[in-house]
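These notes are about the structure you will find just below.
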Amino acid sequence: MNNVPGMTVGLVRAAYGHGTAMATLRRQFGTDPETGLVTTRTQGRILDAISGLPAEVSTGVGLSSVVAVIRGAHPGGVALLRADTDVIAATTAGHPGGYGVPAAALVGTARLLAERRHELSGDVVLAWQPGSAGHGGAARMLAEGLLDVAGRPVDAAYALRTLPGLPRGVVAVRSGPMLASADRLQVTIRDSGQGGGPARPVTVACQLAAALDRAHLGDRVTLTVDQISASGRNLDSATVVATVRTHHAAARSGAHEAVGRLVGGYATAHGMHAAIQWHITHPVTVNDAAEVAWIHRTVTEMYGRERLVQLRSPVALSDDFGYVLDAVPGALVLLLGAIPESDSDDMTLLPTAAALLAGLAIRRLAASRVTPPGVRRTRHRAAPTVLAVPPSLPPTGAGTGRACAGSQTLVRGRAPGTPQPGGDDGVSTPAALP
């Protein structure tokens, strides 16, 4: 059997040898940010960074993803390591995505694993995924065959996200629900023609937003009103946009029903027509207990118990890696210290993330049984619920009048046009759900 503890401990020292290259790449991501499904410049930088490695590299069809398969010299399973590549501009307040830390760190992981492929048991699939911020990138990569790219089913999947916090470089994780679901709610209000003046939809929208903000939608459910806008020549249409988060499927369904009742009541009481649209962007991210146990062992072995934090409750962020965890066992971990503010921060976060992901793959695969072709060890979780919604109204677009507090568009905590919290992680604080 391979000397797995020796391999993983040596990763920490080796990762610092790749620190400068990872930091340079991370800064390139940060100074030329891209988000969405088509991120060709980011994709090109990743491809350049992994060129020459002994890996089978492929790119996405419907999105700018990059997948690399590194084959080990010894029998073993298949592990998937994912990094999101969405990079929000540094001027965007409240974004805890790390400005390219996961994507740059996964390049370092690829180099560490390639250097050790002759000792590696099994295969590692490294996936750089765009479109995690509400664009459905994970679902698209799954549809394009991410879990079968190695020719054998994936046994375990891991992802790493960064999160503001001190001390930097500490790993936070928990079993069960890890991150919240994120559903984007859009309510469009139009006058029913029963009188009251053309500006009444705006007034009702403001009142509805306040009611939604105060409403108790169920245990462990949070609703954030993101935007109120008005449109039409006579301000005959108004729109309320909000994000609903929870970490339990039943609470999620109940929150949708409660919102429907509240909106319907306000519309009826004020003689308005209201149309509700739900955009289901992220499922609850649920970590597998057995895979979290592997994370505990790996972090303790590589860094010591003082670098590991066991979260007591889920974090009020969202990530579409939950779709991957619906299909295979795995876990998402958080690395504290999201935004590198100096060269020393880069040299703390990036080598830590790169070595941790490599260590997880090495340890997990060494203990895996080879899964026969065509057999996938699944979570056996229920499929995501698709909720029926009323037909959508025509897009409201940008209005010419005022909404609520004298502005045409009111966006709480951010300027109009900036990414909304319906994306992957636009909340203002990393506080856990109660």
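The values are calculated or read from the model by the stated rules, or taken from the named source; none is laboratory data. Small disclaimer: the values here were computed from a predicted structure and weren't measured. Don't worry about glycine lacking a Cβ; one is built from the backbone with ideal geometry, like all the others, and counts go over all protein chains shown. Just the protein is used for accessible areas: all its heavy atoms, side chains included, with ligands, DNA and RNA removed. Shrake-Rupley method; radii C 1.70, N 1.55, O 1.52, S 1.80 Å.
In table form, for the structure just shown:
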{"item": "When residues of the range 153-207 are limited to those that are hydrophobic (A, V, I, L, M, F, W, C) and over 27 Å from T243 (Cα atoms), the one modelled with the lowest pLDDT", "result": "L166"}
{"item": "Condition met for P130 (crowded, with 24+ Cβ neighbours inside 10 Å, modelled with pLDDT of 90 or more and under 19 Å from the mean Cα position of the chain (by Cα))", "result": "yes"}
{"item": "Subset of the range 332-357 [over 16 Å from V154 (Cα atoms) and at pLDDT 85 or above]", "result": "V333, L334, L335, L336, L349, L350, P351, T352, A353, A354, A355, L356"}
{"item": "Some residue of the range 269-286 being open to solvent by 60 Å² or more (accessible area, probe 1.4 Å), farther than 17 Å from L223 by Cβ and among the β-branched types (V, I, T)", "result": "no"}
{"item": "Inter-residue pairs, beta-carbon under 7 Å, first without any contact (Cβ under 8 Å) to a residue 60 or more places away in the chain and in the range 125-154, second in a loop (DSSP other than H, G, I, E, B), 6+ apart", "result": "V125/V149; V125/A150; V125/V154"}
{"item": "Restricting the range 64-102 to residues that are surrounded by fewer than 21 Cβ atoms within 10 Å (Cβ to Cβ) and modelled with pLDDT of 90 or more, the residue that is nearest to the chain's Cα centre (by Cα)", "result": "V69"}
{"item": "Criterion: more than 23 Å from T285 (Cα to Cα), in contact (Cβ under 8 Å) with a residue 12 or more places away in the chain, open to solvent by less than 30 Å² (accessible area, probe 1.4 Å) and among the hydrophobic types (A, V, I, L, M, F, W, C) - qualifying residue of V225, V263", "result": "V263"}
{"item": "Members of the range 35-54 that are surrounded by fewer than 21 Cβ atoms within 10 Å (Cβ to Cβ) and either in contact (Cβ under 8 Å) with a residue 24 or more places away in the chain or hydrophobic (A, V, I, L, M, F, W, C) (or both)", "result": "G36, L37, V38, T40, Q43, L47, I50, L53, P54"}
{"item": "Tally, over the range 151-174, of residues that are buried (at least 22 other Cβ atoms within 10 Å of the Cβ) and of a type in the set (G, A, S)", "result": "3"}
{"item": "Matching strands (runs of 3 or more DSSP E) fully within the range 209-311 where at least 3 residues are of a type outside the set (V, I, T) and closer than 29 Å to G137 by Cβ", "result": "221-231, 272-282"}
{"item": "Residue check for L11: at pLDDT 95 or above, over 28 Å from H135 (Cβ atoms) and buried (at least 21 other Cβ atoms within 10 Å of the Cβ)", "result": "no"}
{"item": "Flag for A361 being among the small types (G, A, S), in contact with a Ser or Thr (Cβ under 9 Å, 6 or more places away or on another chain) and at pLDDT below 95", "result": "no"}
{"item": "Residues of the range 103-121 classified as modelled with pLDDT under 95 and open to solvent by less than 10 Å² (accessible area, probe 1.4 Å), total", "result": "1"}
{"item": "The range 33-60: number of residues that are assigned to a loop (DSSP other than H, G, I, E, B) and among the hydrophobic types (A, V, I, L, M, F, W, C)", "result": "4"}
{"item": "Enumeration of residues in the range 116-141 that are more than 16 Å from A83 (Cβ to Cβ) and touching a helix residue (DSSP H, G or I) at 6+ places or on another chain (Cβ under 7 Å)", "result": "R116, E119, L120, S121, G122, A139"}
{"item": "Residue check for S64: assigned to a strand (DSSP E or B), of a type in the set (S, T, N, Q) and within 20 Å of Y323 (Cβ to Cβ)", "result": "no"}
{"item": "Unique match (being open to solvent by less than 40 Å² (accessible area, probe 1.4 Å), under 21 Å from T109 (Cβ atoms) and either among the small types (G, A, S) or within 22 Å of the chain's Cα centre (by Cα) (or both)) among D319, D326", "result": "D319"}
{"item": "Per-region count, the range 36-67, residues hydroxyl-bearing (S, T, Y) and under 19 Å from L142 (Cα atoms)", "result": "5"}
